[in-house]
Every structure is written in structure tokens, then in C-alpha cells.
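Asks: Let me begin by handing over the structure; questions about it come next.
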Number of protein chains: 2
Amino acid sequence: MKLTILGCYAATPRSFTNPTSQVLEIRNRLFLIDCGEGTQVQLRRNKIKFSKINHIFISHLHGDHFFGLVGLVSTFMLLNRTTDLHIYGPKGIKEVITLQLRLSNSWTNYGLFFHELEATESEIIYEDEKVLVKTIPLKHRVYTNGFLFQEKVGDRKLNLDAVQNFEIDQCYYQKIKNGKDITLDDGRVIENAILTYDPIPAKSYAFCSDTAYDETIIPNIQNIDILYHESTFLQQEEGLAAKTMHCTAKQAATIALKANVKQLVLGHYSTRYESIALFKEEAETIFPEVLLGDDGASFDF
Amino acid sequence: MKLTILGCYAATPRSFTNPTSQVLEIRNRLFLIDCGEGTQVQLRRNKIKFSKINHIFISHLHGDHFFGLVGLVSTFMLLNRTTDLHIYGPKGIKEVITLQLRLSNSWTNYGLFFHELEATESEIIYEDEKVLVKTIPLKHRVYTNGFLFQEKVGDRKLNLDAVQNFEIDQCYYQKIKNGKDITLDDGRVIENAILTYDPIPAKSYAFCSDTAYDETIIPNIQNIDILYHESTFLQQEEGLAAKTMHCTAKQAATIALKANVKQLVLGHYSTRYESIALFKEEAETIFPEVLLGDDGASFDF
């Protein structure tokens with residue numbers, strides 16, 4: 001699992017900071033999460049292949065999270081994309097994008113599918129044989145979802161030496177990888193644990209931005225591996241955070257602690273502070289495993 | 001008059017090239033012309049004061065000319081702008097912007113006025129005591145206007161030595177600046193030419209992008225000072241230019257020559273070419289006074 005942060009600053013794009021967008025590579029799929037203005041340029045700068053992006057998840061319809069989407073959709077068109085593109089986001093997102101395509105008298109030469117979200121409870125919005133994506137309803141000034149990306153537990157890994165030792169025929173291998181014990185011709189039962197290793201651990205990543213401090217999200221992110229949680233402000237601006245329905249670094253860390261996640265990635269920083277290192281310092285007073293998100297940073301998990 | 005080119009490349013924003021946007025400073029007014037994605041960052045990089053922009057002119061609703069507009073409108077909001085903002089552009093532009101503001105549950109704290117254009121003949125769309133702006137209907141795949149910015153001829157300049165010599169009272173100064181002769185108390189008539197110098201010459205600038213080769217625009221730009229004319233391709237791609245309703249550098253130069261403009265600025269380059277110097281070389285075979293537009297370039301006229 002690899003997370004590449006294209007942008008993680010609040011409000012407006014600036015000369016050296018970008019609004020929210022990130023790419024999650026998970027079990028060989030590439031998911032784009034949010035798409036602030038300039039995302040397509042950040043994709044180029046970070047050498048992300050445009051053609052590998054087939055699913056885009058938009059948390060909410062504030063400009064710093066989606067104003068780059070229509071440009072990306074158009075650029076896919078100019079690049080002669082033919083693969084389907086799926087966009088998951090709040091109701092209204094389809095109208096915004098299609099209106100602009102219509103006004104420019106153009107249409108995509110690829111399949112463009114909108115999955116508009118309205119639910120206020122967590123729901124599965126994407127599933128294939130290896131990955132599951134659920135919404136995490138968040139509390140913000142407009143309808144907002146975070147997203148939980150879960151790898152599915154894969155097959156157990158075959159212990160080749162062991163299966164060859166017992167002269168087990170290859171036609172049983174998939175059954176063994178599925179966890180079954182094997183009965184040999186002589187009647188002996190060989191336990192699966194002898195024939196296999198544990199599967200690659202299934203990891204999980206949650207994106208939670210933008211949101212007020214909200215403990216009701218904890219059941220949705222309990223015990224996950226990595227939590228990206230917004231931290232727009234430092235604790236000294238706690239009042240402003242509450243008023244604007246954002247969080248402080250300390251609050252993000254508190255959620256990480258209470259949800260017992262393994263690692264916390266911070267982001268969505270206000271540009272009012274001199275150094276983003278201050279966010280990490282503040283969060284670490286509550287929760288030890290803090291990673292500082294920054295534009296262009298990438299993390300392997 | 002000063003032209004700052006924020007972006008002058010066709011199609012999509014890339015790591016080092018920006019879609020169309022430019023700032024024209026004319027008689028102390030700042031006009032923004034087109035607003036491709038990333039324009040607000042380019043404004044910052046080129047140190048243009050956001051607060052000085054009160055009028056934005058959008059040529060047409062292809063993404064590379066207006067996808068940055070909604071972000072700029074939002075940023076003005078975050079910067080607590082209070083001054084009115086006027087946007088001139090094709091019908092539909094109001095719906096695009098207001099839909100996105102509505103979906104983000106926000107509204108501008110400043111007056112936002114849309115002047116939607118539908119006419120197919122040149123019309124005056126802006127006028128004050130010093131400047132006049134007219135549309136230049138262009139031929140493109142969607143409804144498109146270029147814009148002609150004309151300084152008005154100002155007052156004649158007072159020759160202070162002369163008026164003091166003739167002991168003319170200050171209350172006549174404005175009359176003199178307006179070009180009137182003066183009759184002294186002793187009956188002598190002093191011709192205005194003796195009392196004044198010529199006014200600052202009134203300059204004119206035309207923005208023509210995007211457009212197919214179209215000689216019908218010539219009457220609208222005859223004898224102007226500076227013509228910015230799109231040159232998406234070189235002459236070797238003449239067929240592609242015609243098909244996509246764009247121009248070659250040679251065609252842009254031909255228009256400049258036939259319209260008898262003083263200087264031609266090239267732009268809207270396809271990124272397929274190794275060097276934009278090729279555009280200047282090609283244009284100069286037809287018309288001598290060619291300036292090569294480039295992102296970040298600024299020209300004083």
C-alpha cells in the first residue's frame with residue numbers, strides 16, 4: 001500500500017502549496033482521493049500514470065477538494081482515454097461536471113460514471129476481489145464523507161516444500177490456499193497450517209477530511225492501520241476550528257488514540273503557521289505514531 | 001499599457017506550462033482575460049494584486065480558458081473581498097459558477113455580476129471615462145469572443161509656461177485642456193496649440209483566441225497597436241489547424257499584416273513543438289514586428 005500526497009493544504013492553492021488530493025495505491029489499484037485545483041499538474045509532477053486512475057473519490061463539494069476534477073476529466077478526454085472512469089461523490093457532482101462538458105460542446109470518449117452519495121450511514125461504495133471501500137460520514141459545513149479503503153484478506157501462501165514432501169497433486173493447491181486440510185491417500189489428515197504460511201496481512205487506510213472533531217467516526221476506523229485525519233489548526237485555534245468545523249492536530253491525535261489506529265498522517269493545514277512541524281509536535285503529545293503529510297510526500301505501508 | 005501573460009499554452013495545464021490567462025493593465029485598470037486552471041497561482045507568482053482585479057473577460061467556455069474562474073471567485077471570497085467583481089463571458093458562465101457556489105453552500109460577500117454575451121456582432125461591453133472594451137466575434141468550435149481594449153484619447157496637456165506667460169486664470173485650464181482657444185482681456189485670441197501639448201496617445205490592444213483563420217475580424221482590429229492572436233500550430237499542421245478551428249503562426253501574422261497592426265504577440269501554442277521560437281520564425285516571414293508570448297512574460301507598450 002502506498003500513499004502519495006499531491007496536496008494537503010487548506011483553502012486556496014498557492015505558489016508552493018496545493019489543495020487536497022492524494023493517490024492511494026492498494027493491491028495494484030490506483031485510487032484518487034479528492035481533486036483540488038491543480039491536481040492534474042501534481043499528478044504529472046509526481047509521475048502518476050493518468051491511465052491507471054479509474055476511480056476517483058470526492059469527500060465534499062468545497063472547492064479545495066474538487067475544483068480540479070473537471071479539468072482532469074477533460075484532460076483524460078484529450079489524452080484519448082477509452083477506459084471507464086468512476087467518480088464517487090456527493091449528490092450534485094454529476095451536474096457540475098456534465099454542465100461544464102455540455103457548455104464546452106464536448107463529451108468524453110470514455111465511459112464516465114457518477115456514483116452520487118447521499119447516505120448518512122457508512123456504506124460500501126466499491127468492492128472487487130481484493131479491495132473494499134466504505135464511506136465514513138463526517139461532520140462538516142456541507143455533506144461530507146471520509147473513505148475507508150480495506151484490503152481483503154488474500155489466500156494463504158502455499159508452503160511449496162511441504163506440499164511437495166507429501167506429494168500432493170497440484171489440483172488441490174487452490175483448496176489448500178483457501179485454508180482446507182488435506183486427507184492423503186493413506187488416510188492421514190494434514191493440517192492446513194503445515195502446508196501454508198499466513199496470507200499477506202490485509203491493510204486498511206482511512207481518509208478523514210474535512211471534519212469537525214467527531215468521536216462518532218471511531219467505530220468506523222477502529223484498529224485500522226493508517227488514518228489520514230485533517231488538522232487544519234493548532235490547539236491555540238481550537239475555537240476557530242470548532243466554528244469552521246475543522247480539527248486541531250491535538251484533536252486528530254485524540255481520534256487516532258481512541259480508535260487505536262497504528263499510524264496517523266496529518267494534513268489539511270492552514271497556511272497561517274510558520275512550519276508544519278508544529279502540527280506533528282502537537283499531535284505527538286497525544287499519540288506517538290505521527291507522520292507529517294506534505295505535498296509530494298509518499299508513504300509505503 | 002502593460003500586458004502580463006500568465007499562461008499561453010493550449011489544451012491542458014502541465015508542469016511548466018499554463019493554459020490561457022493574461023492581465024492587461026490599461027490606464028490604471030487591471031483586466032483579467034481568460035482564466036484557465038491554475039490562474040490564481042499564476043497571479044500570485046507574477047505578484048499581481050488580487051484586489052486590483054475588478055473585471056474578468058472570458059473568451060469562450062473551453063476548459064483551458066475558464067476552469068480556473070470558480071477557484072478565483074472562491075479565493076476572492078476567502079480573502080474577504082468586498083469590491084464588486086464583473087465577469088463578461090458567454091451565456092452559461094453564470095450557471096456554472098453559481099451552481100458550484102451553491103453546492104459548496106457558500107456565497108460571495110462581494111457583489112458578483114455576470115454580463116453574459118450572446119451577440120454575434122461586435123458590441124461595447126465596458127466603458128468608463130478612460131477605457132472602452134468591445135467584443136470581437138471569433139470563429140471557433142463554440143461561441144467565442146475576442147476583446148478589443150481601447151484607451152480613450154485623454155485631455156491635451158497644459159503648457160504651463162505658456163499659460164502663465166499669458167497670465168491666463170486657472171479657471172480656464174480645463175477648457176484649454178479640452179482644446180479650446182482663449183481670448184485674452186485685450187482681445188487677442190491665443191490658439192490652443194500654443195497653450196497645450198498633444199495628449200498621451202491612446203493605445204489599443206486586441207485579444208483574439210481561440211479562432212480559426214478569419215479575415216472578417218480585420219475591420220475590428222484595423223490599425224490597432226497590439227494584437228494578441230492565437231497560433232496553436234505551425235504551418236505544417238495547417239490541415240489540423242483548420243479542422244480544430246485554430247490558426248498557424250503564419251496565419252496569425254497574415255491577419256496582423258492585413259489589419260496593419262503595429263505589433264503581434266503570439267500565443268496558445270500546442271505543446272507538440274520542441275521550441276516556441278519556431279512560431280516567431282514562421283510569423284516573421286510574413287510580418288516583422290512579432291513578440292513571443294510566454295508564461296510569465298510581460299510587455300510594456
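Asks: Of all helices (runs of 4 or more DSSP H) completely enclosed by the range B:159-253, which ones contain at least 3 residues that are in the same structural domain as B:Leu264 (by TED's automatic domain parsing) and not acidic (Asp, Glu)?
Replies: Working: elements: B:160-165, B:173-177, B:192-195, B:218-221, B:238-244.
Those helices (runs of 4 or more DSSP H) span B:218-221, B:238-244.
Asks: Could I ask something else about it? Could you list, in sequence order, all residues of the range A:95-120 that are in contact (Cβ under 8 Å) with a residue 12 or more places away in the chain, at the interface with chain B (Cβ under 8 Å from one of its Cβ atoms) and either part of a helix (DSSP H, G or I) or among the basic types (Lys, Arg) (or both)?
Replies: Residues satisfying the conditions are A:Val96, A:Gln100.
Asks: Would you tally the residues in the range B:7-28 being within 14 Å of chain A (Cβ to nearest Cβ) and over 23 Å from B:Leu132 (Cα atoms)?
Replies: Within the range B:7-28, residues that are within 14 Å of chain A (Cβ to nearest Cβ) and over 23 Å from B:Leu132 (Cα atoms) number 12.
Asks: Inside the range A:287-301, can you point out the residues that are among the small types (Gly, Ala, Ser) and either surrounded by 22 or more Cβ atoms within 10 Å (Cβ to Cβ) or touching a helix residue (DSSP H, G or I) at 6+ places or on another chain (Cβ under 6 Å) (or both)? Steps first, answer last, please.
Replies: If we filter the range A:287-301 for residues that are among the small types (Gly, Ala, Ser), which is where we start, we get A:293, A:296-298.
Residue satisfying the conditions is A:Gly293 alone.
Asks: Kindly list the number of the only condition in (1) part of a strand (DSSP E or B); (2) away from chain B (no Cβ under 14 Å) that fails for A:Glu129.
Replies: (1)
Asks: Taking the options B:Phe16, B:Phe50, name whichever one is aromatic (Phe, Trp, Tyr), surrounded by fewer than 22 Cβ atoms within 10 Å (Cβ to Cβ) and modelled with pLDDT under 95.
Replies: Details: B:Phe50 fails: modelled with pLDDT under 95.
The match here is B:Phe16.
Asks: Restricting the range A:260-286 to residues that are surrounded by 22 or more Cβ atoms within 10 Å (Cβ to Cβ) and not β-branched (Val, Ile, Thr), which is farthest from A:Asn223 (Cα to Cα)? Steps first, answer last, please.
Replies: Taking the range A:260-286 first, the residues surrounded by 22 or more Cβ atoms within 10 Å (Cβ to Cβ) are A:261, A:264-269, A:279, A:282-283.
Pick out the ones that are also not β-branched (Val, Ile, Thr) and you get A:264, A:266-269, A:279, A:282-283.
Values: A:Leu264: 12, A:Leu266: 17, A:Gly267: 20, A:His268: 23, A:Tyr269: 25, A:Phe279: 23, A:Glu282: 22, A:Ala283: 18 Å.
Out of the qualifying residues, it is A:Tyr269.
Asks: Got a sec? Which of B:Gly38, B:Gly63, B:Gly71, B:Gly89 is crowded, with 21+ Cβ neighbours inside 10 Å, in contact with a helix residue (DSSP H, G or I) (Cβ under 8 Å, 6 or more places away or on another chain) and within 27 Å of B:Ile124 (Cβ to Cβ)? Give the derivation first.
Replies: Values: B:Gly38 fails: within 27 Å of B:Ile124 (Cβ to Cβ); B:Gly63 fails: within 27 Å of B:Ile124 (Cβ to Cβ); B:Gly71 fails: within 27 Å of B:Ile124 (Cβ to Cβ).
That would be B:Gly89, the only listed residue that is crowded, with 21+ Cβ neighbours inside 10 Å, in contact with a helix residue (DSSP H, G or I) (Cβ under 8 Å, 6 or more places away or on another chain) and within 27 Å of B:Ile124 (Cβ to Cβ).
Asks: Continuing with this model, one more query. For the range A:30-51: of the residues being more than 18 Å from A:Asp64 (Cα to Cα) and within 14 Å of chain B (Cβ to nearest Cβ), which is nearest to the chain's Cα centre (by Cα)?
Replies: A:Ile48
Asks: Also, I was wondering about something else. Among the residues of the range B:129-136, are any of a type in the set (Ser, Thr, Tyr), modelled with pLDDT of 95 or more and either surrounded by fewer than 11 Cβ atoms within 10 Å (Cβ to Cβ) or over 26 Å from B:Lys2 (Cα atoms) (or both)? Working first, answer last.
Replies: Kept after step one, since they are of a type in the set (Ser, Thr, Tyr), are these residues of the range B:129-136: B:135.
In the following step, the residues that additionally are modelled with pLDDT of 95 or more were identified as B:135.
Retained after the next criterion (residues that are either surrounded by fewer than 11 Cβ atoms within 10 Å (Cβ to Cβ) or over 26 Å from B:Lys2 (Cα atoms) (or both)): none.
No; the residues of the range B:129-136 include none that is of a type in the set (Ser, Thr, Tyr), modelled with pLDDT of 95 or more and either surrounded by fewer than 11 Cβ atoms within 10 Å (Cβ to Cβ) or over 26 Å from B:Lys2 (Cα atoms) (or both).
Asks: How many residues, within the range A:125-177, are closer than 25 Å to A:Glu25 by Cα and not charged (D, E, K, R)?
Replies: 18
The values are calculated or read from the model by the stated rules, or taken from the named source; none is laboratory data. On a predicted model such as this, the values are computed, not experimentally measured, just so you know. For neighbour counting, all protein chains shown are included, and Cβ atoms are generated from backbone atoms with ideal geometry for every residue, glycine included.
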